[in-house]
1. As a quick test, which of the pairs Lys126/Lys305; Lys126/Lys232; Lys155/Lys232; Lys323/Lys427; Lys226/Lys427; Lys232/Lys375 have an alpha carbon distance above 31 angstrom in this structure?
2. With the dipole of the chain worked out from charges on the C-beta (+1 for Lys and Arg, -1 for Asp and Glu) around the Cα centre, which of Leu189, Gly321, Gly397 lies farthest toward the positive end?
3. Would you calculate, for the chain, the mean residue ellipticity at 222 nm contributed by helices, counting each DSSP H stretch of 4 or more residues as -39,500 (n - 2.57) and dividing by all residues, to the nearest 500?
4. Over the Cα atoms of the range 105-254, what is the Rg over Rh ratio if Rh follows Kirkwood?
5. According to the square roots a ≥ b ≥ c of the eigenvalues of the Cα gyration tensor, what is the shape class of the range 75-126, taking rounded for a/c under 1.5, prolate for a/b larger than b/c otherwise, and oblate for the remainder?
6. Run the numbers for Arg69 and Asp284: contour at 0.36 nm per residue of separation, minus the present Cα-Cα distance, in nm.
7. Within 10 Å, count the other beta carbons around each residue, average over each peptide in 88-101, 234-247, and list them highest first.
8. Starting from the Cα gyration tensor of the range 302-426, take the square roots of the eigenvalues, sort them a ≥ b ≥ c, and report rounded, prolate or oblate (rounded when a/c is under 1.5, otherwise prolate if a/b is larger than b/c, else oblate).
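Here, each number is a calculation from the coordinates, and none is a lab measurement. Not measured: the values here are computed from a predicted model. Cβ coordinates were reconstructed from backbone atoms using ideal geometry, including for glycine residues, and neighbour counts include every protein chain displayed.
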Amino acid sequence: MNDPNGMFYDDAAQVWHLYYQHNPFGTTWGPMHWGHATSTDLVHWDQHPIVLEPDSIGTIFSGSIVIDRHNTAGFGENAVVAVYTQSEVCGQHQSIAYSTDGGYTFTKYDGNPVLKGDIADFRDPKVTWDDQAGKWIMTLACQQEIRFYSSDNLKEWQYESSFGNGLGAHGGVWECPELIKMSNDQYILLVSINPGGLFGGSATQYFVGEWDGHRFTCTDTPEETKWLDYGKDNYSTFTWHNAPDGRIVSMGWMSNWQYAEVLPTVAFRSQNTIARELSLYIDDAGVRRVRVIPSPEFMALKGEKIRSLSDASIVELTLSGTKSSVVTLSNDHGEKVTMNLDVHRRTFSMDRTASGDCSFSQDFAAHTTTPLFVKQEAYRVILFIDHCSIEAFDANGYWAMTNLVFPSEPYNRIEVEEGEATIYDAKIN
């Protein structure tokens, strides 16, 4: 699997739907389908049959889903409509399919494709309803820019504007964009890029600005490239359509195209991050940034306090605000991950160069670093540690860092200099 796709929340059934890029025939990237899973708590997932398969138009690339509450497309009130890229040798096009059983089976529209590509790399439509404009808005990745299209019916699309020239990182192709309304007049635009990430390979950048119904304008420090995650392994982040209570809930693909197809796993190939909540905050320099915190469903997994790391642990760190701290995870084979909070340079870093197996790719051994955007009297950090991943968060959401690790056996020790660690067993069935 790779990119999460078409995520939506069915408020009637209280079910989270997750679709994802999937090759059912092998353990590397291949003829893409849409896999499907559902959850009632964002943690435990039930797998369902594949919902979209390749056809004469092309294979099934990334896209999004909306609930058409007012039957604008004519497929029925509250029809679940998927908008997705189809890729063929001659180009990439956007197609739609609809579901009348709540997203478990789909019928492809007879008039596909609804938007034909005019360039290479014309893909990954994220569709939302714009109340102010009274139209559907499609955010589409087109080489190294983002294009916006509008529609009354999800079938006929008109070009509105483009964004990206001279802004952000341009070391590779732009992919998997999403325009997100954060408040009355504040928007963020997520844009994944590969290659060209902060630490090489894949990463997700974002822009903070305004949307007027036709055009997105970056209003906050347009000269700065902002990153959603400061690790190497969080890519193609998307959010759930129709999430309850106004929540902005996201999930990313936990890997990097530098080495995604050669990871030393056997029973599976690729995974997703935990679900994360997004909002905005203002840092010490007065710059608006995206706040990223673990979704409360994952914080609720904290079980009993334990004295050493288990197979899956949640660790809460309290680190000094006046002295630099070092946190080390290790096992009996001498494999370790070292994290350093430097109060003088105002950085938090994670070093996985001695974490375990790094031999499968020269790009895997890495040292990743994030600025500490807000000075604090004491720094609280949350770690989600699984068999082959570490997801680190500032407890206030000021930064996030996601890195894969492949130790020969799980880390069972944690050492903290200039701070304290509380370890919880993660209650996961």
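1. Lys126/Lys305; Lys155/Lys232; Lys323/Lys427; Lys226/Lys427
2. Gly321
3. Value at 222 nm, helices only: 0 deg cm²/dmol.
4. 0.95
5. prolate
6. Gain in length upon complete extension: 73.2 nm.
7. Ranking the peptides 88-101, 234-247 by packing returns 234-247, 88-101.
8. Oblate is the answer for the range 302-426, as a/c is 1.5 or above yet b/c matches or exceeds a/b.
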